[in-house]
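The values are calculated or read from the model by the stated rules, or taken from the named source; none is laboratory data. The structure displayed is predicted, hence computed values, not measured ones. Note that each Cβ is placed from the backbone with ideal geometry, even for glycine, and that neighbours are counted across all protein chains shown.
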Amino acid sequence: MKKFLLALFLFGTFGVQAQNLTQEEMQAQIASLTEEVNTLQQKSNTWDKFTQAMPKISGYVMGRYMYNGDESTFRLRRVRVSVAGDLTPKLDYKFQAELSSFKLLDAYFNYKPFDQLKIKAGQFKVPFTIENTDYTPTKMILMDHPMVLDRLVGTSEEIGDTMLKTAGRELGIDLHGAFFEGMLKYDVAVFNGAGLNVTDNNKSKDVVARLMLTPVKGLTISGSYYWGEFGDMYYARERFAVGAVYDCKHFLVRAEYIGAKTGLEGQYDVINVDQEGWYALAGWRINEKWMMAARYDTFTEDTEARSATEQVNYTFGVAWKPYKFIRLQANYVHEDRMQGFGHRNVGMVQATLSF
């Protein structure tokens, strides 16, 4: 298209002068102009290739105010910078860091010899559940993940006597791909399972498998399984999840269930506790700038003591995106059956600036 417009301009200019030229002079002028167009097009193609190969720098700053009756505070929730790009058509990379309290979150290379087989190596999101990988903080309708994702997928995951804060990421290798034009996707991954940017803390490796089926546009059904052992005491870290999402132009409905067996440090010995939780979310895109959502989510710390360890949250939120790089959100959360608290009401507002 660029070549056509440039040629049109040059030949148009030439046409004004052509009235006083002989046929031989006209042919020479045309050949000269054609050569000039080709030279300019080659320079343009070279520049395009250069800019495409350059790393793409992006990021966002997320600030929040929260009030819950006992606490009133501002917080710099996230400050993230990402560098990503393509080294070749079959090899891409990404590095992402959290700057508010420095952590290297993502650092991986992704080799893509075929659509059906790709290899990702480094530190990246664990392919477990739909929300952990497909709904990043800038895409999330509500401000926070549901409790079950926080507690069982590494955001605030207690194993043994350790509280892991991995933001859903680990160090490892993931074989992944898609069949039938993306209708069926799979992941099979192996991780250290010890946390962000650290060596493994035992001799075993954590294994993750996930299948995602998209039978019709907008509808995805997912099943995930995670098996691992944590620390020198080999605490159990087993999880399984099933879920589905329907995301179309105006409506979003998503629900997932996660069950787990988690090893904890008991008074005299290691104990294995069965845990579970689920959430259901519905959202309505009013227009390109406004969206509303509501979510019910629950998490049980110990299924054998459900009445004493279960919490239920009801969350309502609205998001407004007045400009491409600005997003404003407001959430109300009613926390019920909290251990030692009974219930609590939480109000939050959040602003995100992307670049």
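Among residues of segment 200-211 that are more than 14 Å from LEU164 (Cβ to Cβ), those with a beta-carbon under 6 Å from a residue that is surrounded by fewer than 17 Cβ atoms within 10 Å (Cβ to Cβ) and of a type in the set (Val, Ile, Thr) at least six positions away or on a different chain give the pairs LYS205/VAL190; VAL207/VAL190; ALA209/VAL188. Of LEU117, LEU99, all but one fail to be more than 18 Å from the chain's Cα centre (by Cα) and at pLDDT 95 or above; the exception is LEU117. Say whether the condition of being surrounded by fewer than 21 Cβ atoms within 10 Å (Cβ to Cβ) and on the phi > 0 side of the Ramachandran plot is met by at least one residue in segment 151-158. Looking for residues that are surrounded by fewer than 21 Cβ atoms within 10 Å (Cβ to Cβ) and on the phi > 0 side of the Ramachandran plot, one finds none in segment 151-158, hence no. Of the numbered criteria (1) of a type in the set (D, E, K, R); (2) touching a Gly at 6+ places or on another chain (Cβ under 7 Å); (3) within 20 Å of ASP297 (Cβ to Cβ), the one ASP144 fails is (2).
Hey, can you tell me all the residues within segment 231-250 that are at pLDDT 95 or above and among the hydrophobic types (A, V, I, L, M, F, W, C)? Matches in segment 231-250: ALA236, PHE240, ALA241, VAL242, ALA244, VAL245. One residue alone among PHE316, PHE299 is in contact with a strand residue (DSSP E or B) (Cβ under 9 Å, 6 or more places away or on another chain), buried (at least 18 other Cβ atoms within 10 Å of the Cβ) and assigned by TED's automatic domain parsing to the domain that holds TYR246, and that residue is PHE299.
Residues are listed down the side, and each one gets a yes or a no for (1) hydroxyl-bearing (Ser, Thr, Tyr); (2) touching a Pro at 6+ places or on another chain (Cβ under 6 Å); (3) modelled with pLDDT under 95; (4) crowded, with 18+ Cβ neighbours inside 10 Å:
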| position | (1), (2), (3), (4) |
| --- | --- |
| GLY63 | no, no, no, no |
| TYR111 | yes, no, no, no |
| ALA121 | no, no, no, no |
| THR129 | yes, no, no, yes |
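One residue stands out in segment 46-61 among those that are among the hydroxyl-bearing types (Ser, Thr, Tyr) and modelled with pLDDT of 95 or more: the one that is nearest to ASP86 (Cα to Cα), namely SER58. Might you check whether a residue that is part of a loop (DSSP other than H, G, I, E, B) and at pLDDT below 95 occurs anywhere in segment 268-283? Yes - at least one qualifying residue is present in segment 268-283.
Given the criteria assigned by TED's automatic domain parsing to the domain that holds LYS103, β-branched (Val, Ile, Thr) and under 21 Å from GLU131 (Cβ atoms), does THR155 qualify? Yes; evaluated as a whole, the condition is true for this residue. Of all residues in segment 62-85, those that are aliphatic (A, V, I, L, M) have Cβ atoms under 6 Å from Cβ atoms of residues that are not in a strand (DSSP E or B), 6 or more apart or on another chain, in LEU76/SER100; VAL79/LEU99; VAL79/SER100; VAL83/PRO55. Taken over segment 179-194, the criterion of being without any contact (Cβ under 8 Å) to a residue 24 or more places away in the chain, under 29 Å from THR166 (Cα atoms) and not aliphatic (A, V, I, L, M) is satisfied by ASN192 alone.
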